[in-house]
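Shown next, in structure tokens, is the structure this report addresses.
The values are calculated or read from the model by the stated rules, or taken from the named source; none is laboratory data. Values in this document were obtained by computation on a predicted structure and should not be read as measured data. FYI the Cβ positions are ideal-geometry reconstructions off the backbone, even for glycines, and counts take in every protein chain you see.
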Amino acid sequence: MPPKQRKIAVMGYRSVGKSSLSIQFVEGQFVDSYDPTIENTFTKSTRVNSQDYELKLVDTAGQDEYSIFPSQYSIDVHGYVLVYSITSSKSFEVVQVIYEKLLDITGKGHVPIILVGNKTDLHMERTISMEEGKKLAESWNAAFLETSAKQNAAVSDIFHLLIKEIEKADGNIPEKSSCILS
Ligand SMILES: Nc1nc2c(ncn2[C@@H]2O[C@H](COP(=O)(O)OP(=O)(O)OP(=O)(O)O)[C@@H](O)[C@H]2O)c(=O)[nH]1
């Protein structure tokens with residue numbers, strides 16, 4: 001089967017690790033220096049359930065609660081990685097505002113999303129519990145993961161899980177394999 005091309009936008013508050021997660025996934029390295037992003041696009045080939053994918057990752061500029069949702073990310077994007085830092089309550093609030101705006105602008109009741117709590121290596125500074133993250137993702141009917149871009153923990157899982165969410169939204173993977181016998 002030819003590779004499926006999928007576009008993914010990585011969004012969230014400033015400095016939560018959007019670029020670090022993207023670079024870790026695409027290039028396999030962690031850069032400690034902080035360089036605010038305007039916008040970066042990466043491509044990466046990956047394989048999920050024996051299907052090849054060519055992913056286009058759009059690493060977006062950090063948003064805050066007052067940002068207008070950039071309209072270029074409302075079209076042509078198959079799925080969203082919404083990132084907060086487990087050390088920042090503010091980033092957890094902002095991710096919820098971004099979610100509301102995303103639903104508003106796409107006009108869809110459901111969008112393929114994975115909520116990501118990054119920086120798990122900074123456990124001494126944690127202010128958002130795993131339960132809080134999980135609960136929020138459940139309320140969105142979205143996937144959820146905690147990660148560390150620094151330690152490369154669960155980083156590729158983000159994109160694999162999101163691809164599954166995208167396929168699910170396309171009706172390709174049943175939520176539960178049910179078999180009705182008559
Ligand atoms: N300890 C730790 N630091 C991280 C992690 N991920 C990112 N950082 C650091 O957090 C800072 C911000 O990371 P970026 O990846 O630039 O964050 P961003 O969300 O792309 O930032 P903007 O471009 O401003 O929106 C950098 O100093 C990173 O090194 C992580 O998992 N653990």
**OP:** List every residue pair whose Cβ atoms sit under 8 Å apart, with the two residues 6 or more apart in sequence or on different chains, where the first one lies in segment 80-95 and is touching a residue at least 40 places away in the same chain (Cβ under 8 Å) and the second, anywhere, is among the small types (Gly, Ala, Ser) and assigned to a helix (DSSP H, G or I).
**Re:** VAL83/SER91; TYR84/SER91; TYR84/GLY133; SER85/SER91; ILE86/GLY133; PHE92/GLY133
Original post:
Taking segment 104-128 on its own, how many of its residues are modelled with pLDDT of 95 or more, closer than 21 Å to LEU161 by Cα and away from the ligand (no atom under 11 Å from the Cβ)?
Top reply: 5
Original post:
Going through segment 41-59 one residue at a time, which ones are touching a Ser or Thr at 6+ places or on another chain (Cβ under 7 Å), surrounded by 14 or more Cβ atoms within 10 Å (Cβ to Cβ) and not aromatic (Phe, Trp, Tyr)?
Top reply: GLU54, LEU55, LYS56, LEU57, VAL58, ASP59
Subject >> Among residues of segment 60-81, those that are hydrophobic (A, V, I, L, M, F, W, C), surrounded by 12 or more Cβ atoms within 10 Å (Cβ to Cβ) and either away from the ligand (no atom under 14 Å from the Cβ) or assigned to a loop (DSSP other than H, G, I, E, B) (or both), counted >> reply: 3
Original post:
In segment 34-54, how many are within 16 Å of the ligand (Cβ to nearest atom) and part of a strand (DSSP E or B)?
Top reply: 4
**OP:** Please work out if GLY133 is out of contact with any Pro (no Cβ under 9 Å at 6 or more places or on another chain) and assigned to a loop (DSSP other than H, G, I, E, B).
**Re:** no
**OP:** Answer with yes or no whether VAL116 is closer than 17 Å to ALA9 by Cα and assigned to a helix (DSSP H, G or I).
**Re:** no
**OP:** For segment 1-33, name all the residues that are assigned to a loop (DSSP other than H, G, I, E, B) and among the β-branched types (Val, Ile, Thr).
**Re:** VAL16, VAL31
